[in-house]
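K.L.:
A single structure is presented below for examination.
The values are calculated or read from the model by the stated rules, or taken from the named source; none is laboratory data. As the structure is a prediction and not an experimental result, all values here were calculated from the model. Neighbour counts are summed over all protein chains in view; Cβ atoms, including those assigned to glycine, are modelled from backbone coordinates with ideal geometry. Please note that ligands, DNA and RNA were not included when accessible areas were found on the heavy atoms of the full protein model with its side chains. Shrake-Rupley method; radii C 1.70, N 1.55, O 1.52, S 1.80 Å.
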Amino acid sequence: MSQKFRLVKGGRIDRSRPLRFSFDGMQLSGFAGDTLASALLANGVRVVGRSFKYHRPRGLLAAGPEEPNAFVEVGHAGRRTPNQRATEIPLSDGLCARSENTWPSARFDLLSLLGGIHRLLPPGFYHKTFKWPAWSWYEPLIRRIAGIGRAPSAIDSDWYVQRHLHCDVLVIGAGPAGLSAAVAAAGTGSDTVLIDERDGIGGSQPWDAGVAGWIKIMTERLASSGRCLTLTNTCVTGAYEGQGFTAVENIIGDGPRQRLWHIRAKSVVLASGALERPLVFPDNDRPGIMLASAAREYRERYAVIMGRRVVIVTNNDSAYAGIDGLAEAGVTLVGVIDTRPDPGPAAGTLPYGVRLMSGSVPVAVGGLNGCSGIRFAPHVDGCVTTRSSTHLSCDAILISGGWSPNLHLAAQAGAALDFDLASVAFVARTPPQGWYIVGSANGATTLEQCQEQGASAGLAGAAACGINVHAQFASPPPQPTAAPIAPIWFVEFSDGRRHRRQWVDYLYDVTVTDIRIAARENYAHVEHMKRYTAAGMAPDQGKTGQINAHGVLASITGRSLDGTRITTLRPPYRPMTLGVIAGYETGSLYHAYRLLPAHEVHRRHDAQFDEYGGWQRPAFYRCSGESDAEAIMREVLAARNEVVVFDGSPLGKIEVVGRDAGTFLNRIYVNNMTTLAVDKIRYGVMLDDNGTICDDGVVIRLADTHYLVNSTSARATTTYRRLEMLKQCVWGDLDVRLIPVTEQWATFAISGPGARALIRAMGTDIDLDPAAFPHMTHREGLVADIQVRVARVSFTGEVSYEISLRSSLAYDFLELLLRSKSGRVPTLLGIEALGVLRTEKGYLHVGSDTDGATSPLDIGMVGIIAKKKGDFLGRRSLERRHSQQSGRRQLVGLDLGAMRKTVPVGAHIVGDGLKGPSIGVVTSSCWSPTLNRSIAMALIEDGHTRNGQSVTVWSEGRTWPAAVCLLPFLDPAGARLNV
Amino acid sequence: MLSIPCPWCGSRDEREFSFGGEADRNRPRAPELLDDEAWANYLFARRNLCGAARYRVCHSTGCGMWFSLQFDTRTHAAVEPRPLDGNEEGETP
């Protein structure tokens, strides 16, 4: 197909660089500088898509981001991107685009048969089918035909970046108003950012040479100021609180595909222009009907015409502006249908021979996949009373329904948009604080107005940032429009007959009749009507249709639009890719793990890593031929019979220093910490003020005013922050400082009957004799010539030495341990085996064996609390009746007899005979290789008084008999520990 | 996103801060002297004012300091950051 609608000369395209592309399988050609839309028009492609509901053939309506019809899919596999507007896709060689929502193509779409059943798809369709007969009747059909576009079939092969930006003055829109504002602001020395979604400076209007020269001079002044960052191909998608903005930059060429800018500005100049509205009349969705301003842009920017014989339909003067250009392009203007009985002064400038049909409205448009002619008839106040109409043959129709200031971003920032009867548009009477709305977004209609408003706003914006300029900016009131307009929201017929449909929202197929039905069914508020009919809810966000929908509803319900609020406008202004929102946080960066300082050593010993509290930690170490369970059992038995080493580096470590360190800890722990002697260790439980357990761990007194608090690994950060909060907000008068040192110290627990011998073999100056260094004490000294802290604490129930040393030495230290000269090589112990060891000993794990209701009374700390003097966090709550009464869930053991299987964690405990409600849950459960039986811990109502009682464990219909027993399962006297 | 002034670091993004509740809700100095109702009031009752009120905020991913801030729940204006005066504990009943 040749480019038969391309003019032989003119336009801002590069005719020396022809480009080939395909659309719906057709091989077509265009030029560098084209958009996909202009190239399709040049090739005479009129049907570019189908509507969502009825699959009506649709053509290009607009030339910019407001386009509601030409949604296409571009690219293949991981680069396949749905729902792109053809008007925004720069043409590139080999571009492959397909229409959406069509089969097999936009021109021949079998789904258009749906158009015949439109009466089965009334407004409020979902609302009604949910009520009767049943959604399930419709669901299979609806699911198949619903949705626009296909998701990509492979992982996104592009990458995306994000940046933060702070500036004094943010100028949105680089038309004459925005450009003037940016030059003025940058001229004062303020940090200025100028953003436009188009690929260049100058805005949407096709300017003559004089204005183009002015734009060039201003652009150069902006560049030479050195104060302005200009971002083109960048769309500001959202305006948020605190003058925060997001903007998506399409990056041309190699590198990332898009960049998301997070912008914070002190002043904002909104120069986002205005969008032309279509007119609503029967058959107004025919391909070949286009906005008058869009047709002018295609003609002057891309040298493409819509047709050879055109008719203009308008209700205002702006459509007359491009008439001279039509004749120059060799297009015959057949006539102008002006809905106003008394057209404005512009009508007087019509060239000789052009028919002017004033006071008329279109009543039908001929054609199916294009225009063949238009019928019109006279009207009185929008109502056609005659049955006769006149026909004009034409191949394109240019329409103008007036202009709407593009105030999406101002509305997102909280500005109320009210309808202004004088300009027939929604305006922001009170811009958001710090905002200046200028240019046609502010009702300006001449170039001079845009330039003046922009320049004064640029200066005022800079002045508001504290820059010393003498400028006063008063937001000018919306100008009385220079293109007088008489709104006509749709065409009414007095004969009561059924007439052809009049389309309000193109993409979602909302007609005047739909709005009439919505109003009749009492969805007469604009927000209700919007949801009932879906007008303005399509991916185009109603940029062209929404205001007409307001007008139609007001006319139907006989209300005035004066003061009507526009329906809520939400971000994003334009669809954003999920990739650009994710930015860098994909793949391995989606959730970054922390690695142990000796991670490499573990890896070399076949550690099977898993995530525990944000750390990658060895779950177990696999020897050749072992199953997971066999490996874990081997590690458990090694701890009980020989010696193991466990990497406990993530263990939370907080140094508490100061004269009042003991007092502070005494208020935080259930246990008494002031009576703890230097070099002694005590286990402690922390509560919140509700009396529930939030962390536990040991406290070591290093010196009189120096403690080391150990918290659970997973809670290291949370507990530190909580202590800081208490220190700063509750007990600011205490002399205490908190230093989180979790990552500064690596910790290795050496545990088992052979632990002492192993450390001796490594060489140490610490006296390891049990009498000199008993359980729950602390020493500092040298092990293998490395300065270490050694704590005799145990989470395994065996003799254990927790050795802490500088993190940077962890790698070497673990290597030394595993190459012990004595020939006694310790077994590496993973988290899973540690879980078995601590369950055998009945040591609780906060968060597993306790929940958000467990108090220290429920875990058997009654005696400790009774002995403690003074207040501590949560103490008062433990005295409430609720904390003391019967029926509380208490931690106990479960004797599962000779059963060979384990019970699931989370299984319910029910009374004997499966009667009554659940009385508790299994909190920990494992196979004990030491005891050679299955064991479990559980929180059970009044568990401490049920010792020996038989209960039933229930999970998903299966049951196991069990008996409540005391903890621990192994070595209640601690004989293995205190040696 | 809100821009919140820290008394030490200046205005920063909302995401750098964590919220600590109403600034005038102080822990009683002697909880053991309170009856159950008064203690429950401290634990659970909040004023939830509509409009401007003072709240405790921590610049948690910045300097780590707690401070108080006047915040208006209607306009979202965050102003007058103030360091805590050291002892925020409540009065003895």
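K.L.:
Explain nothing, just compute: Karplus ³J(HN,Hα) = 6.51 cos²θ - 1.76 cosθ + 1.60, θ = phi - 60°, for every residue of region A:351-368 in order, whole Hz, x for Gly and Pro.
P.N.:
Residue by residue, region A:351-368 yields x, 4, x, 8, 6, 10, 9, 7, x, 10, 10, x, 10, 6, 10, x, x, 10 Hz.
K.L.:
Tell me the label-point distance for the pair A:Arg387, A:Glu527, using the 7 Å Cα-to-Cβ offset, in nm and rounded to one decimal.
P.N.:
Output for this residue pair reads 4.6 nm.
K.L.:
How would region A:871-913 be classified by its alpha-carbon gyration tensor: rounded, prolate or oblate, with rounded meaning a/c under 1.5 and the a/b versus b/c comparison settling the rest?
P.N.:
Details: a/c = 3.77, a/b = 2.48, b/c = 1.52.
Here region A:871-913 falls in the prolate category.
K.L.:
Round to a whole number: what % of the accessible area of region A:829-979 belongs to carbon and sulfur, probe 1.4 Å?
P.N.:
Numbers: 3590 of 6750 Å².
The C+S portion of the solvent-accessible surface of region A:829-979 is 53 percent.
K.L.:
For A:His164, what accessible surface area do you get with a 1.4 Å probe? Give it in Å², rounded to 10.
P.N.:
100 Å²
K.L.:
Order A:787-800, A:265-278 from most to least packed using the mean count of other Cβ atoms within 10 Å.
P.N.:
Packing order, densest peptide first, comes out as A:265-278, A:787-800.
K.L.:
For a test of the definition: using alpha carbon positions, the gyration tensor, and the 1.5 limit on a/c, classify region A:836-979 as rounded, prolate or oblate.
P.N.:
Values: a/c = 2.22, a/b = 1.28, b/c = 1.74.
Note, shape of region A:836-979 comes out oblate.
K.L.:
So, one more: Summarise the partner chain shielding of A:729-739 as one whole number: the mean count of Cβ atoms from other chains within 10 Å of each residue's Cβ. Please report the intermediate quantities before stating the final value.
P.N.:
Numbers: counts 14, 7, 5, 7, 4, 2, 0, 0, 0, 1, 0.
Mean number of neighbouring Cβ atoms from other chains: 4.
K.L.:
So, one more: Determine the relative contact order of region A:605-666: mean sequence separation of Cα pairs under 8 Å and six or more apart, normalised by residue count, in whole percent. Don't skip to the answer; put the middle values down first.
P.N.:
Numbers: 35 pairs, mean separation 11.3, N = 62.
So the answer I get is 18 percent.
K.L.:
I would also like to ask the following. Identify, among A:Gly466, B:Cys63, A:Thr81, the residue whose Cα sits farthest towards the positive end of the charge dipole of the protein assembly as shown, taking +1 on the Cβ of Lys and Arg and -1 on the Cβ of Asp and Glu, with the dipole about the Cα centre.
P.N.:
The residue sitting farthest along the positive end of the dipole is A:Thr81.
K.L.:
Tell me which residues come under 5 Å, amide H to amide H, from A:Asp418 once H is placed; ignore anything under 5 positions away on its chain.
P.N.:
Amide H to amide H, under 5 Å and 5 or more residues apart or across chains, A:Asp418 pairs with A:Val427, A:Arg429.
K.L.:
Residue by residue through A:262-268, how many Cβ atoms from other chains fall within 10 Å of the Cβ on average? If you can, show how the numbers build up before the last one.
P.N.:
Values: counts 2, 0, 4, 0, 0, 0, 0.
Partner Cβ neighbours, averaged per residue: 1.
K.L.:
Which number do you get for Rg(Cα) / (2.2 N^0.38 Å) in region A:179-229?
P.N.:
Numbers: Rg = 11.0 Å, N = 51, 2.2 N^0.38 = 9.8 Å.
My calculation over the Cα atoms of region A:179-229 gives 1.12.
K.L.:
Give the average, rounded to an integer, of partner chain Cβ atoms located within 10 angstrom of each Cβ in B:43-49. List each step's numbers first, then the result.
P.N.:
Values: counts 7, 1, 0, 0, 0, 0, 0.
Per residue, the average neighbour count from other chains is 1.
K.L.:
Using a 1.4 Å probe and ignoring any ligands, DNA or RNA, find the accessible area of A:Arg516 and quote it in Å² to the nearest 10.
P.N.:
90 Å²
K.L.:
HN-Hα J couplings of region A:865-875 from phi, Karplus 6.51/-1.76/1.60, θ = phi - 60°, integer Hz, Gly and Pro as x?
P.N.:
5, 4, 7, 6, 9, x, 7, 9, 3, x, 4
K.L.:
How large is the Rg to Rh ratio of the protein assembly as shown when both quantities use alpha carbon positions and Rh follows Kirkwood?
P.N.:
On the way: Rg = 37.8 Å, Rh = 34.9 Å.
With Rh from the inverse mean 1/r over Cα pairs, Rg/Rh is 1.08.
K.L.:
I would also like to ask the following. So what J values fall out for region A:697-708 if you push phi through Karplus, 6.51 cos²θ - 1.76 cosθ + 1.60 with θ = phi - 60°, rounded to Hz, Gly and Pro as x?
P.N.:
For region A:697-708, the Karplus-derived couplings read x, 9, 10, 10, 9, 7, 7, 3, 10, 9, 10, 10 Hz, x marking Gly and Pro.
K.L.:
Accessible area, 1.4 Å probe, largest first: how do A:Glu139, A:Glu585 sort? If you can, show how the numbers build up before the last one.
P.N.:
Values: A:Glu139 60, A:Glu585 120 Å².
Largest accessible area first, the residues go A:Glu585, A:Glu139.
K.L.:
Please report the accessible area of B:Leu33 (heavy atoms, 1.4 Å probe, ligands and nucleic acids excluded) in Å², nearest 10.
P.N.:
Roll a 1.4 Å probe over it and B:Leu33 shows about 110 Å².
K.L.:
Any idea what the relative contact order of chain A is, in percent, if you count C-alpha pairs under 8 Å spaced at least 6 apart? Kindly include the intermediate steps, with their values, before the conclusion.
P.N.:
Numbers: 2271 pairs, mean separation 85.4, N = 979.
Dividing the mean separation by the residue count of chain A yields 9 percent.
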